[in-house]
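To start, the structure under review is shown below, and the notes come after it.
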Amino acid sequence: MKKIVLCCVVALTCLYSCKKDQVQAISSGSEETKMSDTLKLDLVDVAFSQPLARGMYRVIAGKAGNSAAVDGNGSQARFLSPSGIFVNTDASLLVADFHGYIRKIVHDSVVTTVPFPADGGGNPFNGATDVAAAADGTIAAVDGHEIWLDNPPTSYYAENPSENYGGIDRDPSGKTFWYTGKSSIFETSTLGGESPKALTVGDAKNFIAISTSNNGVKYFATVNKMFKYTKSGVSALIFPDFSFTNITSITSSRDGFKVYVADGGNIRMISNNSQFPKVITTILTGQQVVGIALSNSEKYIYFTTAKNTVNKFAL
């Protein structure tokens, strides 16, 4: 049985409030922005201002092979098991640290923990597979049978034992979220509520990743197949000629002409312009990639790894 609880969160912790107030807005056209003088960064560990050549990547937070929940700058920070990743409009990042917390990264360096409320029964938030944020600041996270929405002082928690939520993304309007289930994708407002939108296509089940595009299409996937849900309400299998081994995350360009897939620990790019042949290319290998997100400028892909790091790759 689904349970829905609306609760009030008294206040954010002082640490998060201070960090949020200090963040300098970053334009959508560039992630290479000067840092605020108030951030007190360890300059030895700041990577965001350094050039990144096309086809290259760097670790921006965490240390490979080290598992913990520690806030800090760059390699001083630690993650328990980072999975889903989301890019905010101000270019800050949200990371679903599975078995842990929601983490925020600003200026490609500074890692803090985002406080999340307990559910209606007082059970604490204990991790998520994916995360996204709406235009009004609402943060949404999904994990198994649960979905959490938080925009203090209001929060929403729901549990649906018959579903298995895997991926979530913000609608381009910024007002709703789309997320995957066993045999459907769902849409919810920032206040909660669940509306199924796409039924199972063929024998496909257990959708685990989703990406929304400005072209009105929602791309979603199982571990080895990809699908689309159009603005006219049609669901269909896509890229049937391509083989996938273990899809864990997808992201797409605003026009939908490029779809990026984290598959088998690698990042693959699919050319999706209907005027040209569809081509799939592996653009990064050997990094144990888990979650991916396209930067606002579409010049970079941010990705998490099974090595407990968050990284930036130049396209």
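So the values come out like this:
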read-out	value
Listed residues Met226, Met56, Met269 arranged by accessible area, highest first, probe 1.4 Å	Met56, Met269, Met226
Around Thr222: net Lys/Arg minus Asp/Glu count, Cβ-Cβ under 14 Å	+2
Rel. contact order, % - alpha carbon contacts under 8 angstrom, at least six apart, the stretch 117-172	32
Solvent-accessible area per residue for the stretch 71-150 (1.4 angstrom probe, square angstrom)	27
Stretch gain in nm, segment His145-Leu199, where the contour uses 0.36 nm per residue and the Cα spacing is subtracted	17.6 nm
Solvent-free Debye scattering, log10 I(q)/I(0), computed from the Cα coordinates of the stretch 212-265 at q = 0.17, 0.21, 0.24, 0.26 Å⁻¹	-0.49, -0.75, -0.95, -1.07
Whole-angstrom Cα spans of the stretch 105-225 along principal axes, big to small	41, 35, 24
Accessible area (Å², per residue) of the stretch 224-267, counting only protein heavy atoms and a probe of 1.4 Å	46
Whole-number Å³ per residue for the convex hull built on Cα positions in the stretch 240-310	84
Residue order for Tyr229, Tyr157, Tyr101 - accessible surface, 1.4 angstrom probe, largest first	Tyr101, Tyr229, Tyr157
Cα gyration tensor category, rounded, prolate or oblate, for the stretch 154-261 with a/c compared to 1.5	oblate
Cα centroid separation, the stretch 251-311 to the stretch 50-94 (Å)	16
Apportionment of accessible area to carbon and sulfur, the stretch 196-315, percent (1.4 Å)	50
Protein-only accessible surface order, largest first, of Leu149, Leu315, Leu191 at 1.4 Å	Leu191, Leu315, Leu149
Backbone HN-Hα couplings from phi across the stretch 59-66 [Karplus 6.51/-1.76/1.60, Hz, Gly and Pro as x]	6, 9, 7, x, 9, 3, x, 9
Cα gyration tensor, the stretch 80-150 - rounded (a/c under 1.5), prolate or oblate	prolate
Global geometry of the stretch 180-225, whether rounded, prolate or oblate, following the gyration tensor of its Cα atoms and the 1.5 cut on a/c	oblate
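The values are calculated or read from the model by the stated rules, or taken from the named source; none is laboratory data. These numbers come from a predicted model, not from an experiment. Note that we place each Cβ from the backbone using ideal geometry, even for glycine, and neighbour counts take in every protein chain shown. Just the protein is used for accessible areas: all its heavy atoms, side chains included, with ligands, DNA and RNA removed. Shrake-Rupley method; radii C 1.70, N 1.55, O 1.52, S 1.80 Å.
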